[in-house]
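The values are calculated or read from the model by the stated rules, or taken from the named source; none is laboratory data. The structure presented is a predicted model; accordingly, all values stated were derived computationally and were not measured. We place every Cβ from the backbone using ideal geometry, glycine too, and count neighbours over all the protein chains shown. Each accessible area value is taken on the protein alone, full model and side chains, heavy atoms only, with ligands, DNA and RNA left out. Shrake-Rupley method; radii C 1.70, N 1.55, O 1.52, S 1.80 Å.
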Amino acid sequence: MKRPAIISIILALAVIGGLTGAYVIRENSTKKSKHYNKLILERTVGCQLKENERELEKIPCKSYHVETTDVGDVLNYIDFYVFDDEASANYVFLRCGRKWFQDGSEYGDNYVRGWQAGVCDAEIESYLYITGNMIIVADLQCVSCWAEEPPYEVGSSVKENISKRPSPDEIVFYITSNF
């Protein structure tokens, strides 16, 4: 007599545990995922973007960037790489985050910040950020031994008001605030 009662209690607990487990799985699977495309990006950044077909780590994606000449515009230093799915973006992020950067870079769950490895004649600090099916790559600063063009014509009596490049922290703040 006791045996059927114990078996039915065990079965009842198994059913309740299974329902609880299914609820947790269902709750996790309804977590909103960010899926980007050109329309969503243009709406987010507030301007038109140029689109190109690319491959990163042999995975096809679309690359987007602005075509402006305003040195002070944060978007001039940012490229967006949109993949078909999150798995492809994660694969590329994990591979590139280790290969593109020198030792001593800062690694987080969804970003890498540091100096690019293997760059000749310059030092480039970059920021890699992943969200959903998109990887954002930003050039934060470049230190080079090459001279830059003067901001105005030599001999000109009028100096133009030249916008300065955004700071690395301004670029990172823009990315983390909007994506």
Taking the range 55-89, which residues are under 13 Å from the mean Cα position of the chain (by Cα) and of a type in the set (A, V, I, L, M)?
-> 78, 82, 89
Among the residues of the range 148-179, count how many are aliphatic (A, V, I, L, M) and either touching a Pro at 6+ places or on another chain (Cβ under 8 Å) or modelled with pLDDT of 55 or more (or both).
-> 4
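In the range 50-89, which residues are open to solvent by 60 Å² or more (accessible area, probe 1.4 Å), among the acidic types (Asp, Glu) and not in a loop (DSSP other than H, G, I, E, B)?
Pass one, the range 50-89, residues open to solvent by 60 Å² or more (accessible area, probe 1.4 Å): 50-51, 53-55, 58, 60, 62, 67-71, 84-87.
Filter again for among the acidic types (Asp, Glu), leaving 51, 53, 55, 67, 70, 84-86.
Those that are open to solvent by 60 Å² or more (accessible area, probe 1.4 Å), among the acidic types (Asp, Glu) and not in a loop (DSSP other than H, G, I, E, B): 51, 53, 55, 86.
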Please specify each residue of the range 90-110 satisfying the condition of being touching a strand residue (DSSP E or B) at 6+ places or on another chain (Cβ under 8 Å) and either in contact (Cβ under 8 Å) with a residue 40 or more places away in the chain or part of a loop (DSSP other than H, G, I, E, B) (or both).
-> 90, 92, 93, 96, 100, 102, 104, 105, 110
So residue 131 fits all but one of (1) touching a strand residue (DSSP E or B) at 6+ places or on another chain (Cβ under 9 Å); (2) β-branched (Val, Ile, Thr); (3) at pLDDT 95 or above; what number is the exception?
-> (1)
Can you spot a residue in the range 27-34 that is of a type in the set (Lys, Arg), at pLDDT below 95, open to solvent by 60 Å² or more (accessible area, probe 1.4 Å) and assigned to a helix (DSSP H, G or I)?
-> no
Give the range 112-134 a look and list any residue that's more than 21 Å from residue 62 (Cβ to Cβ), touching a helix residue (DSSP H, G or I) at 6+ places or on another chain (Cβ under 9 Å) and either crowded, with 18+ Cβ neighbours inside 10 Å or among the charged types (D, E, K, R) (or both), or say none.
-> 112, 113, 125
Search result, residues across the range 90-104 that are open to solvent by 30 Å² or more (accessible area, probe 1.4 Å) and not acidic (Asp, Glu) = 90, 91, 94, 95, 98, 99, 100, 102, 104
